[in-house]
Amino acid sequence: MNTENLMNEAKGLSDMMITHRRYLHSHAETGFNLENTKRYVMEQLVSMGYEPIDCGKAGLVVTAGKKEGKVFLIRGDMDALPFPEQSTENFASANGNMHACGHDMHTAMMLGAAKLLKNHEDEIQGTVKLMFQPAEELLAGAKDMIEAGVLKNPDVDAAMMLHVMAGMPFAPGTAIVSAPGVSAPAADYFEIKVQGKGCHGSMPSTGVDPLNAAAHILIALQEIHARELGLNDSAALTFGSFHGGSTANAIPDEVVMQGSLRSYDQDVQEMLKKRLQEISCGIAETFRAKATVTFTSGCPTLLNDEALSLDVEKYAKELLGDAGSFSVRELNARDTTKSSSKSSGSEDFAYVSHQVPTIMVALAAGNPAAGYCYPQHHPMVRFDETALPYGCALYTYAALSWLADH
């Protein structure tokens, strides 16, 4: 396939993708509750000649290709975050949700790729499977779709995801291909309930103070970093919620703490989960309270396949040129960037990466020098829509090229 022609074809779909992106952005929905989003995506796919298949609680799958061969999967997530938007965009969401991680961009690029693949269906040497995923922010959507059979019938041989990145000092549409190995950490969300005994604030000896116990638990858990992780280990233990009581002159019955735990090593992750439970329960007991630790959701490490990483690095260079595509290894060798082979944010496509060879590609979509100053998950983040045709073309070209090569 001629890369210049494909890139021009993708650029010709820019207005269409912008329309899709802005509609999805202004109608942001979260988790598995994507009724309007799913309906919109399904309508667009049907209009292109696809027959969408429901997959799991809120996912959609379509396939392109008429010839026997291997199966290459591309993924676009569709869910937003549950907080109000504060950007200056004239298509900003007003429903209390916000596409602050760029999943609306992913869905729009996937719809663009679906259009390109349909236009070139006779050239596909096998099958391209398009995975429209819910609930990535809950780290639950990919697992749900896998359990519903997204990797089967036909069986997937390799998989690729793109993720737009705001605040990157690169031209919009620049692709950064992950190095082999782990590129995103395992994650576990947790809740700690500390049960005490409420009483009047003037008579603390007649009750059991869960606020005091919970405060000591929070501080004690920081010791894990200082004394229980090895020199080469790393982890992030974050509390984002701490609730208990409703008045100044009463000790409450219960405190609820919520947080997340991340590391790049599955063995380290399991050790941290074990110690989180032991320390929480032990500290609570010391203060006559009782702690219950519940792990609510999570995902494993995201693994990038070595051969697929090299393949997609080659395809990206062919499509976008040396100035428009980099491997993480190239960037790490340059003094002008602090890019790393690992992202600190978790990604539930990790579940796919533990089943089939997988690659994660970052796509620059907001240079600070051009006014895109806020990071992902910020209520004022904005994304540069001129990145859309590059992502659309890369989805398409990588799938077509891998199938042709294998």
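Here, each number is a calculation from the coordinates, and none is a lab measurement. Every value quoted in this text rests on a predicted model; they were computed, and no experiment measured them. Don't worry about glycine lacking a Cβ; one is built from the backbone with ideal geometry, like all the others, and counts go over all protein chains shown.
Some notes on this structure:
- Computed over the chain with a Gaussian network model linking Cα atoms closer than 10 Å, the most mobile of 99, 216, 27 is 216.
- Stretching residue 195 away from residue 171 to a fully extended chain increases their span by 3.4 nm, per 0.36 nm per residue minus the current alpha-carbon distance.
- Here the contact order of segment 1-113, divided by its residue count and restricted to Cα pairs under 8 Å and six or more residues apart, works out to 33 percent.
- Site pair residue 278 and residue 118 shows an inter-label distance of 5.7 nm when each label is modelled 7 Å from Cα along Cα→Cβ.
- Highest-fluctuation residue, 154, 204, 389 considered, GNM on the chain with Cα pairs under 10 Å: 204
- Rounded to 10°, Cα long-axis angle of helix 388-405 versus longest principal axis of the chain: 70
- Result for the chain in a Gaussian network model with C-alpha springs under 10 Å: among 56, 324, 12, the largest mean-square fluctuation is at 12.
- Estimated inter-spin distance, residue 4 and residue 297, nm [label 7 Å along Cα→Cβ]: 4.7
- For a paramagnetic label modelled on residue 355 (point 7 Å from Cα along Cα→Cβ), amide N atoms under 18 Å away belong, within segment 278-303, to 298-303.
- All Cα pairs of segment 17-100, percent lying beyond 21 Å: 37
- FRET efficiency for the pair residue 153 and residue 249, taken as 1/(1 + (r/R0)^6) with r the Cβ-Cβ distance and R0 = 60 Å, rounds to 0.45.
- D_trans [Stokes-Einstein, Kirkwood Rh over alpha-carbon pairs] for segment 132-290, 4 °C, 1.567 mPa s, µm² s⁻¹: 68
- Its residues counted as N, segment 94-183 yields a C-alpha radius of gyration over 2.2 N^0.38 Å of 1.27.
- log10 of Debye I(q)/I(0), alpha-carbon scatterers only, for segment 279-406 at 0.22 Å⁻¹: -1.50
- Unit Cα scatterers, Debye sum, segment 1-140: log10 I(q)/I(0) for q = 0.09, 0.10, 0.12, 0.17 Å⁻¹: -0.28, -0.34, -0.48, -0.91
- Label-to-label distance, residue 373 versus residue 270, with points set 7 angstrom from Cα along the beta-carbon direction: 4.7 nm.
- Calculated FRET efficiency for the pair residue 227/residue 206, C-beta based, R₀ 35 Å, to 0.05: 0.45
- Length-normalised contact order for the chain - Cα pairs under 8 Å, 6+ apart - percent: 25
- Rounded to the nearest 0.05, the FRET efficiency derived from the C-beta distance between residue 15 and residue 286 at R0 = 51 Å is 0.20.
- DSSP-assigned coil residues among trypsin sites (Lys or Arg not before Pro) in segment 125-175, each with at most 12 further Cβ atoms within 10 Å: 152
- Pairs spanning more than 22 Å between alpha-carbon atoms, out of 193/273; 143/314; 38/115: 143/314.
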